[in-house]
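Written below as structure tokens is the structure these notes are about.
The values are calculated or read from the model by the stated rules, or taken from the named source; none is laboratory data. In this text the structure is predicted, and so the values were computed from the model without any measurement. Backbone-built Cβ (ideal geometry, glycine too); neighbour counts: all protein chains shown. Just the protein is used for accessible areas: all its heavy atoms, side chains included, with ligands, DNA and RNA removed. Shrake-Rupley method; radii C 1.70, N 1.55, O 1.52, S 1.80 Å.
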Amino acid sequence: KRVYSPYSNIVSATPEVRMSTPKLKSVTERGYNSLNINWEKADGVSYYQVYRSTSPNGKYALLGTYDENTTSSISRALIPNQTYYYKVRGYCWANGERVFTRFSNIISGTPKMKAPTLKSVEPNTYNSLRINWEKAEGSTLYQVYRSTSPNGKYALLGTFDEDTTEKISTSLVTGQTYYYKVRGYRWVN
């Protein structure tokens, strides 16, 4: 025959989801219109959401949701020289609902257009020079400038499409030294 003691006192507890907040590690330039976003894995997280804004305290838009094994994303179709701000949060499912972590730290990044490379300036005729440059990723137009001193005022010689990488500078004074520079640009918005 069993003999029972009285029941113990009653203690309650509720199982809770235990997740750590993801940490954003880096936002790095990938190209003239894209950035790489990298974060650290967070304990207990099943999915990550990446958010982007154009100001640190502005409205953030969801860029994508990634599984627990993914710790990087590419932010595409960005405007060159515009600074973007990123943050990440994790979540898991509990009782049919999503449970979110706090947002990570915020890191900014700015995709930048590269400068074209001026390859050469060579004599063409007694009063002209041939300027050659390499294309720069992201540039759809190029402007060529000329001056008679390296730190002097430069005058625009012309604007050229993305398929042009050469310009003849004419009506020059024989024996005079000329200085050239090229920059690329593109239209946005």
**Asked** Leaving out ligands, DNA and RNA but keeping every protein chain, what accessible area does Asp43 have, in Å² rounded to the nearest 10, with a 1.4 Å probe?
**Response** 110 Å²
**Request:** Pairs of Cα atoms under 8 Å, at least six residues apart: use those to get the relative contact order of the chain, whole percent.
**Result:** 18 percent
**Asked** Once Lys and Arg get +1 and Asp and Glu get -1 on their Cβ, which of Asn81, Thr159, Met19 lies farthest toward the positive end of the dipole of the chain?
**Response** Met19
**Message:** Could you derive backbone 3J(HN,Hα) for the range 180-187 from the dihedral phi with the Karplus parameters 6.51, -1.76 and 1.60 (θ = phi - 60°), listing whole Hz in sequence and x where the residue is Gly or Pro?
**Reply:** 10, 8, 10, 9, x, 7, 8, 8
**Message:** Please list, in order along the range 26-38, the HN-Hα scalar couplings obtained from phi with the Karplus expression 6.51 cos²θ - 1.76 cosθ + 1.60 (θ = phi - 60°), rounded to whole Hz, x for Gly and Pro.
**Reply:** 7, 10, 10, 5, 10, x, 5, 9, 8, 9, 8, 10, 10
**Item:** Net +/- balance of residues flanking Ala136 in space, Cβ distance below 11 Å, scoring K and R +1, D and E -1
**Value:** +2
**Simple Cβ-charge dipole of the chain, Lys/Arg +1 and Asp/Glu -1, about Cα centre, in debye nearest 20** = 560 debye
**Asked** How do Trp93, Trp39, Trp187 stack up against each other in accessible area, from largest to smallest, with a 1.4 angstrom probe?
**Response** Trp187, Trp93, Trp39
**Request:** Taking amide H positions as placed in the peptide plane 1.01 Å from N, state which residues far from Leu63 in sequence (5 or more) or on other chains have amide H under 5 Å from it.
**Result:** Val50, Tyr51, Arg52
**Prompt:** Taking amide hydrogens as modeled 1.01 Å from N in the peptide plane, which residues meet the under 5 Å criterion relative to Tyr47, leaving out close sequence neighbours?
**Reply:** Tyr91
**Request:** Work through the residues other than Thr170 whose Cβ is under 12 Å from its Cβ and net out their charges, Lys, Arg +1 and Asp, Glu -1.
**Result:** +3
**Asked** Which of the following values of semi-axes √(5λ) of the Cα gyration tensor in Å was calculated from the structure shown: (1) 59, 18, 12; (2) 37, 17, 15; (3) 63, 13, 12?
**Response** (3)
**Asked** Local charge sum around Tyr32 (other residues, Cβ-Cβ under 14 Å, Lys/Arg +1, Asp/Glu -1)?
**Response** +4
**Asked** Based on Cβ point charges of +1 for Lys and Arg and -1 for Asp and Glu, what charge dipole magnitude is obtained for the range 1-61 about its Cα centre, in debye rounded to the nearest 20?
**Response** 240 debye
**Asked** Applying the Karplus parametrisation 6.51 cos²θ - 1.76 cosθ + 1.60 with θ = phi - 60° to the phi angles of the range 56-63, what ³J(HN,Hα) value in whole Hz is obtained for each residue in order, glycine and proline being reported as x?
**Response** x, 10, x, 7, 9, 9, 5, 8
**Computed accessible area, Arg98, all protein chains, 1.4 angstrom probe, square angstrom** = 110 Å²
**Message:** Amide H of Lys23 versus every other amide H placed in the peptide plane: which residues, excluding those fewer than 5 positions away on the same chain, fall under 5 Å?
**Reply:** Glu40
